[in-house]
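S.K.: Once you've had a glance at the structure underneath, I'll fire off some questions.
The values are calculated or read from the model by the stated rules, or taken from the named source; none is laboratory data. Predicted model, so just to flag it, every value in this text is computed and none were measured. Here the Cβ positions follow ideal geometry from the backbone for every residue, glycine too, while neighbour counts run over all protein chains shown. Each accessible area value is taken on the protein alone, full model and side chains, heavy atoms only, with ligands, DNA and RNA left out. Shrake-Rupley method; radii C 1.70, N 1.55, O 1.52, S 1.80 Å.
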Amino acid sequence: MNVKKLGDHIITVDKVCKTFPNGVKALCDFSTNIRRAEVVVVIGPSGSGKSTFLRCLNGLEEIDSGEIIFDGIPLDHDKKNRLKIRREMGMVFQSFNLFPHMTVLENIMLAQKLVRKSSTGVAKDVSMELLEKVGIQDKVSAYPGQLSGGQQQRVAIARALAMKPKVMLFDEATSALDPEMIGEVLDVMKTLAREGMTMICVTHELGFAQEVSDWVIFMDQGKIIEGGTADHFFSNPQEERTKLFLSQIL
Amino acid sequence: MKKKRYFTPTDLMLSVMFLLFCLFIAYRIKVGLNYNWAWDSIFQFLFRFDNESNSWVSGLIMTGFYTTIRLSIWGILFATVFGVVSGIARTSSIPLFRWLATTYVETMRNLPPLVIIFIAYFFVGDQLLYPLGIDDWAETLSPTGQNIITVLFAKPSQLTSFLAALMTLAIFEGAYITEIVRAGIESIDRGQWEASHSLGLTRYQQMRHIILPQTFQRIMPPLAGQFISLIKDSSIVSVISIQELCFQGIEIMTGTLHTIEIWIVVTLLYLTLTLPCSLVVERLENSMSRGVH
């Protein structure tokens, strides 16, 4: 068990509803709190609203009702607030979404220079440090198209980390990878978790959840069915729906 | 991966038929048309020896050719600017920009170019440009200044009509470039917007650093194709007396009646402009299909 101290609430999600234009209810009266340094793993069947939850947190999707407060800033219609929140949340996507017209180094330096207004020198130092951390310092001047999926995803993590975010969102970060590359990406994520990064991970990797998560949320049809610590959650689930889901994937 | 090509009997037969057809045309021109070839009198319209200045100067066709080149280069430049600006407006989140750009595109694409040329010439030229007094201003310039204007655009006395024709051409072709740019922007994967969004870039920064660079890489082939169209379409401004290649061709034809020679020369001159562009397009398309990131 990792013994780490969780801080106060950094994200408050209160009664959030989100219905897509096609009538699909992605989130329904969704409430939860995330504490500083907490690693939350969100699991659930596809279409249960896991990704929508992450995308609402950083404003990629607009919520219909309810309230999201990030570090004291409400995520409302105020553009400045939304921009502030986006800048403090790193996001890693299933499909990597690296910028294909830029080298690895340029990918990581871009936001530091444009958003954080770092000088090229500083941005480069930070980038090199991060690339070393994710283990691809030798691919600095490669283009994303020349990298394997696992390498691309590690660059994407480094790119998000370069903004020194307060929270990292992982949206099925390993789902598009070949099996032998999942490990290298999960290792980076585990390292981050142990370093005390606040993380919300949508994933199918239950091993990862068991190893590093502080809290597991099981979602279905836009609602939280059950939440608990990993130990409690996997060994002793309370809800029938959770038991069914776990029996299907374990 | 090129397919091997074989010269089959069918190919041979078709080639022979084509050759016979060409011979027939030549025969008709020689016998049926009773045409007097006068290639020797054509050359003076390309270049002639000027006795006054004791040097070779360009003839009417070549000066027309230069005007076509000027129209094309400036036209490509301005049409690209118009097209990119209104292409971005077409994808804007602000409705007013979208409506304006859509109106522009739909108007230009649904009118015959000739109609646009006349409207724009008599309105833009007479009502907007002449009152600015560009001709008068150009004529007050020093001889060097006037020379520069002449080399870059047109003689000071013809400057206004040249600019009116140029703007008409650029606005007309810009509408097509708008659609190319819009399609290019929309073809960029949504993930690129989302990734740059979550890094905290503003919409301007997303466009400038992420979306447009990839768009331009992608739309180069259709864009170059549109540039070729622009070079060809520049011939329609002959109807408002811009003395470009086609205009000079018509003038000399009515003056000399050497119809076929003139248009063969004009054809070859247009091809010297457009064929290299076509080759560039082909290169671009090949390198794109090979998948350079």
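S.K.: Quick check: is even one residue across the stretch B:280-291 touching a Cys at 6+ places or on another chain (Cβ under 7 Å) and open to solvent by 10 Å² or more (accessible area, probe 1.4 Å)?
M.R.: Looking for residues that are touching a Cys at 6+ places or on another chain (Cβ under 7 Å) and open to solvent by 10 Å² or more (accessible area, probe 1.4 Å), one finds none in the stretch B:280-291, hence no.
S.K.: From A:106, A:132, which residue is assigned to a helix (DSSP H, G or I), away from chain B (no Cβ under 13 Å) and open to solvent by 30 Å² or more (accessible area, probe 1.4 Å)?
M.R.: Answer to the selection: A:132.
S.K.: Then there's this: Condition first: touching a residue at least 60 places away in the same chain (Cβ under 8 Å) and in contact with a Gly (Cβ under 6 Å, 6 or more places away or on another chain). Now tell me which residues in the stretch B:219-242 satisfy that.
M.R.: Listed by number, the list holds a single entry, B:230.
S.K.: If you don't mind, there's one more thing I want to ask. Any chance you could count how many residues in the stretch B:201-235 are closer than 16 Å to residue B:174 by Cα and either polar (S, T, N, Q) or within 14 Å of another protein chain (Cβ to nearest Cβ) (or both)?
M.R.: Adding up the residues that qualify gives 6.
Listed here are the residues, each with its yes/no results for (1) under 17 Å from the mean Cα position of the chain (by Cα); (2) touching a residue at least 40 places away in the same chain (Cβ under 8 Å); (3) within 13 Å of another protein chain (Cβ to nearest Cβ).
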{"site": "A:19", "(1), (2), (3)": "no, yes, no"}
{"site": "A:22", "(1), (2), (3)": "no, no, no"}
{"site": "A:29", "(1), (2), (3)": "no, yes, no"}
{"site": "A:39", "(1), (2), (3)": "yes, yes, no"}
{"site": "A:50", "(1), (2), (3)": "yes, yes, no"}
{"site": "A:58", "(1), (2), (3)": "yes, yes, yes"}
{"site": "A:84", "(1), (2), (3)": "no, no, yes"}
{"site": "A:93", "(1), (2), (3)": "yes, yes, yes"}
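S.K.: Go through the stretch A:185-250 and tell me which strands (runs of 3 or more DSSP E), entirely inside it, have 1 or more residues that are closer than 30 Å to residue A:152 by Cβ and open to solvent by less than 60 Å² (accessible area, probe 1.4 Å).
M.R.: Here the list reads A:198-202, A:215-220.
S.K.: Restricting attention to the stretch B:157-180, report how many residues are open to solvent by 10 Å² or more (accessible area, probe 1.4 Å) and closer than 11 Å to residue B:124 by Cβ.
M.R.: Result for the stretch B:157-180: 4.
S.K.: Moving to a separate point now. Considering only residues that are hydrophobic (A, V, I, L, M, F, W, C) and open to solvent by 20 Å² or more (accessible area, probe 1.4 Å), look in the stretch B:181-227 and name the one that is farthest from the chain's Cα centre (by Cα).
M.R.: The qualifying residue farthest from the chain's Cα centre (by Cα) is B:193.
S.K.: Being surrounded by fewer than 14 Cβ atoms within 10 Å (Cβ to Cβ) and either outside any helix (DSSP H, G or I) or among the small types (Gly, Ala, Ser) (or both) is the filter here, so list the residues in the stretch B:112-140 that pass it.
M.R.: Correct list: B:112, B:133, B:140.
S.K.: Out of the residues in the stretch A:33-88 that are among the small types (Gly, Ala, Ser) and assigned to a loop (DSSP other than H, G, I, E, B), state the one that is most open to solvent (accessible area, probe 1.4 Å).
M.R.: The selected residue is A:46.
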